[in-house]
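One structure below.
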Amino acid sequence: MAKTHADIADSSPINHLMESHALLTRREMLGAAGMASLAAMARTAPLAGSAAGAVSQTIQGRPRIACLVTFWGAPGSHADWIIAKLMDGYWWQGAHTPSRLDVASVYIHQFDTSSLGQKVCKAKQIPIYNTVTEAVALGGTDLAVDGIVIVGEHGNYPTDLKGHWLLPRWWMYQQAIRVFEHSKRSVPVFNDKHLSYNWDDAKWMFDKSRELDFPLTGGSSIPTYFRTPEIDLPVDTPIKNSIVVGGAADEGAIFHCVDVLQAFVERRKGGETGVQSVQSIRGPETWKWVERNAWAGRLLDAVEKRLELKPGSIRENAQANTCIVEYNDGTKAAVISGPGASWSYAGDIEGQKEPTIVAMLGWPGPYSQYHAANGQPHWITEMMVTRKEPFNAERLLLSTGIVNHYMDSNWENGLYAAVGRRIETPFMNMKYHTTRGPMFEKGERPPNIPYLRGFDK
């Protein structure tokens, strides 16, 4: 069984590096004859294609997608809970929504430990290809699918000194890009979580989506989860300062919080203006920063009061950390780690006496068909069908960049400091004005029903 994110953080990066180099050669799931048969079936099925660059065009019929994943070996893995819903339907706005697309192919980087993915694909008669190129070309050399879903989350991968989890998202993405360029056409791409642990890789990924004219989305599922209360901020809300309180122990966890933050602050008056600087503070120094910044303390107190937590209880966390973000228009924000808050946004709004607080609570449900978020599979499907980004991809890039530089902030010349350096980010000057409506789940929460896998266990 592959190790969890927490296991990887606690074990030797050197051992993981040695293990990860051996992953590119794998046994075929069905044997040579079975794999050839399924690949032939995939290649000969009709393709519901679209013209290159037709970003607003709606796919006629059911889009066929390739899923490129790092690991699919446990019900809690992102690959399982995302792809299961894309194949068999998801819970949306109080009801089951049947699948509107077909998973035509799969590539699994850590194939040998992904026994669940092997079993699901065998039951569903979905071919697992040995390379990314084969998966997106259905065994050929030209692009042969209508969309690509990249789930580079979970698996046995190393972390570096700064805590970056070295997941091969860019590595899979750039191979798909090669096929786009060879085929002279492109299709929508979804990338789970942040684009990459490396800013240059992430910026390259975003730029390629603009150069080749294809819709790009991804990020955290939390902004689309159930909210209390069920509101979104109106576009052009005069936000002054914001915080998000939630679990932020490592790179993956703080990305969820940062992406929640960006989902709210992008709706501020005048639109997104880009990020001026990022800083990380860890441990007890977090609370000294909160004391020096009264706006952050006031918002933190408001979150505790709204969630009926013991006053001051979040400040009792000695392992706390904060990600401080300054925007080009002067807006200030912070992510503060804290127990008991799930993911909670608090914002100072000009003209309002009390802060606006929105909490995303009650995560993630049992391991069954509707486990974890269902909003994200819905918006993946919408993008594949309509060829329209559900939100500005610049938001995904900014969330990625904030996390990248937060992870770097505490380190300089190989030395660690609890009070990280303030990193100026003039290159994160993305400007856009969101027009999207609410994207979060509403209504009755999903029931606990068994997986629709095609087998019992």
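The values are calculated or read from the model by the stated rules, or taken from the named source; none is laboratory data. Here the structure is a predicted model, which means the values were calculated and not measured. No Cβ is skipped: glycine too gets one built from the backbone with ideal geometry, and neighbour counts run over all protein chains shown. Just so you know, the surface numbers come from the protein's heavy atoms only, side chains and all, with ligands and any DNA or RNA stripped out. Shrake-Rupley method; radii C 1.70, N 1.55, O 1.52, S 1.80 Å.
Heavy-atom surface analysis with a 1.4 Å probe gives the chain a carbon and sulfur content of 53 percent of its accessible area. Shown here: volume of the Cα convex hull per residue in Å³, derived from the displayed model; of the candidates [x] 138; [y] 159; [z] 221, it corresponds to [x]. Once the C-beta distance of Asp160 and Ala418 is scaled by a Förster radius of 22 Å, the resulting FRET efficiency is 0.70 to the nearest 0.05. Considering only Leu309, Ile126, Leu212, the residue lying farthest towards the positive end of the dipole of the chain is Ile126, judged by Cα position with unit charges set on Cβ. For region 329-390, run through the trypsin sites (Lys or Arg not before Pro) and keep only the ones in DSSP coil with at most 16 other Cβ atoms within 10 Å of their Cβ. Loop-located and lightly packed - Lys353, Lys388.
If you put +1 on each Lys and Arg Cβ and -1 on each Asp and Glu Cβ, how big is the dipole of the chain around its Cα centre, in Debye rounded to 20? Write out the running numbers ahead of the final one.
Working: 46 positive and 48 negative charges, 134 e Å.
Roughly 640 debye for the chain.
Which chymotrypsin sites (Phe, Trp or Tyr not before Pro) from region 388-457 combine a DSSP loop assignment with at most 13 other Cβ atoms within 10 Å? Here the sparse-neighbourhood loop sites are Phe427, Phe455. The relative contact order of the chain, computed from alpha carbon pairs under 8 Å that lie at least 6 residues apart in sequence, is 20 percent. Seen against the Cα atoms of the chain and their longest principal axis, helix 294-306 is set at about 70 degrees. Shape of region 305-457 from the C-alpha gyration tensor: prolate (a/c of 1.5 or more and a/b above b/c, with a ≥ b ≥ c the square roots of its eigenvalues). So which of Lys305/Lys431; Lys193/Lys442; Lys240/Lys288 end up more than 27 Å apart, counting from Cα to Cα? Result: Lys305/Lys431 exceed 27 Å. Measuring r between the beta carbons of Glu230 and Gln319 and using R0 = 30 Å, the FRET efficiency lands at 0.40.
Calculate the dipole size of region 360-457 relative to its Cα centre from +1 charges on Lys and Arg beta carbons and -1 charges on Asp and Glu beta carbons; express the result in debye to the nearest 20.
Working: 11 positive and 9 negative charges, 40 e Å.
My answer is approximately 200 debye.
Given just the C-alpha atoms of region 47-204, how large is their convex hull per residue in cubic angstrom? Walk me through the numbers on the way to the answer.
Numbers: hull volume 21.2 nm³, N = 158.
It is 134 Å³ per residue.
Heavy atoms of the protein chains alone define the surface here; on that basis region 90-182 has 32 Å² accessible area per residue at 1.4 Å probe size. Is the C-alpha gyration tensor of region 139-296 telling us rounded, prolate or oblate? Criteria: a/c under 1.5 is rounded; beyond that, a/b larger than b/c is prolate, otherwise oblate. In terms of gyration-tensor shape, prolate. Sparse packing (at most 15 other Cβ atoms within 10 Å of the Cβ) combined with a DSSP loop state is found for the following chymotrypsin sites (Phe, Trp or Tyr not before Pro) in region 308-383: Tyr367.
In region 226-274, taking the dipole from charged Cβ atoms about the Cα centre, the farthest positive-side position among Ile254, Leu233, Gly274 is held by Leu233. Rounded to the nearest 10 degrees, the inclination of helix 251-265 to the longest alpha-carbon principal axis of the chain is 70 degrees.
Taking every alpha-carbon pair within region 265-365, the share separated by more than 20 Å comes to 41 percent. Annotation for Asp329 and Gln352: the two label points, set 7 Å from Cα along the Cα-Cβ direction, are 1.6 nm apart. Looking at the square roots a ≥ b ≥ c of the eigenvalues of the Cα gyration tensor of region 268-322, which shape do they give, rounded for a/c under 1.5, prolate if a/b is larger than b/c, or oblate? In terms of gyration-tensor shape, oblate. Per residue, the average separation of C-alpha pairs within less than 8 Å and at least 6 apart gives region 311-457 a relative contact order of 18 percent.
Hey, what angle do you get for helix 115-124 against the long axis of the chain, alpha-carbon based, 0 to 90 degrees rounded to 10? Computed tilt is about 50 degrees. Accessible surface area normalised per residue over region 400-457 is 57 Å², counting heavy atoms of protein chains with a 1.4 Å rolling probe. Full extension of the chain between Lys305 and Glu181 gives 39.3 nm of extra length, using 0.36 nm per residue less the Cα-Cα distance. A Förster radius of 45 Å combined with the Cβ-Cβ distance from Glu291 to Gln60 puts the calculated FRET efficiency at roughly 0.15.
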